[in-house]
Amino acid sequence: MQLTILGCGGSLGIPMIGCECAVCTSSDPRNQRTRTAALLRSATTTILIDSGPDVRYQMLRAQVKQLDAVVITHHHQDHIGGVDDLRPFCWHTPLPVYTQAATIERLRSQYAYAFDPGDSPSTRPKLELHAIDTQPFSVGDITLTPLPIWHGDWDIRGFRCGACAYITDVSSIPESTYALLHDLDTLILGALRYTQPHPMHMLVDEAVAVVERIGPRRAYFVHMAHDLDYAATNAALPEHIQLSYDGLTLECA
Ligand SMILES: [Zn+2]
Ligand SMILES: [Zn+2]
Ligand SMILES: [Zn+2]
């Protein structure tokens, strides 16, 4: 299976509009971060994780022509703001969406037209909503185990697939979820910036401590703000823990 980091930026993306900091004006393409999302691909199955405002560009850039399902971690706009742009994936057949009940409720209200049969079919994404909680579920030959995590006071989900785990927006991991993170090869984990604690996200040092506790063979950070320069931050991090970049593709067991 392959995991592609479609985007690894925080909610504003990088460059941030109006910012002239060293990272936002950097010529290193690895400092240009679209909103955090990922793609899981086996030989027969393609799953999108999160559909934020950059999803159209991300699908074009990764040359994704077909999706078997979308999995949504939570309903902040940087993760659901691009749902209308999923229309090309569901002209004829509804696109299965797997997410928690609270996110389903938000999708139904925010995208009410998508569920209104009176609207012209081409003007609405046809979504088939599946509520998930903690039980593993399968799409084609890919099985995902939901991972309960804290994002501030939001009880949201990361996902484990084989020896790979994907946890984006996160402030802390419950003890019961650590028990689901044994024997990992690859961990994708949210880390916002170095300083200024954030109520809903981990800082780099906190994320490094979480990686060291879980003990995967390698870890990559996502959901990064413009405080983190790709090359300088990676030089300061342990070798097995690195910032990701848009387009990074990993072979996962
Ligand atoms: Zn986010
Ligand atoms: Zn900046
Ligand atoms: Zn969030």
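Each reported figure results from applying straightforward, stated rules to the coordinates on display, with no laboratory input. Computed from a prediction, not measured in an experiment: that's the story for all the values here. FYI the Cβ positions are ideal-geometry reconstructions off the backbone, even for glycines, and counts take in every protein chain you see.
Observations on the model:
- Filter result for Glu128 (farther than 30 Å from Leu243 by Cβ, in a helix (DSSP H, G or I) and of a type in the set (Asp, Glu)): no
- Residue list for segment 209-251, restricted to those being of a type in the set (A, V, I, L, M, F, W, C), crowded, with 19+ Cβ neighbours inside 10 Å, touching a residue at least 60 places away in the same chain (Cβ under 8 Å) and not in a strand (DSSP E or B): Ala225, Leu228
- Boolean, Thr45 is buried (at least 16 other Cβ atoms within 10 Å of the Cβ), hydroxyl-bearing (Ser, Thr, Tyr) and under 26 Å from Asp133 (Cβ atoms): yes
- Summed over segment 178-212, the residues that are touching a Gly at 6+ places or on another chain (Cβ under 7 Å) and among the aromatic types (Phe, Trp, Tyr) give a count of 0.
- Selection from segment 12-47 of residues that are touching a Lys or Arg at 6+ places or on another chain (Cβ under 7 Å) and within 16 Å of ligand 3 (Cβ to nearest atom): Gly13
- Taking the criterion of being crowded, with 19+ Cβ neighbours inside 10 Å and either among the acidic types (Asp, Glu) or more than 21 Å from Thr143 (Cα to Cα) (or both), the residues of segment 63-78 that qualify are Asp68, His75, His76, Asp78.
- Single residue of Thr186, Thr168, Thr177 found to be within 13 Å of ligand 1 (Cβ to nearest atom) and of a type in the set (Ser, Thr, Tyr): Thr168
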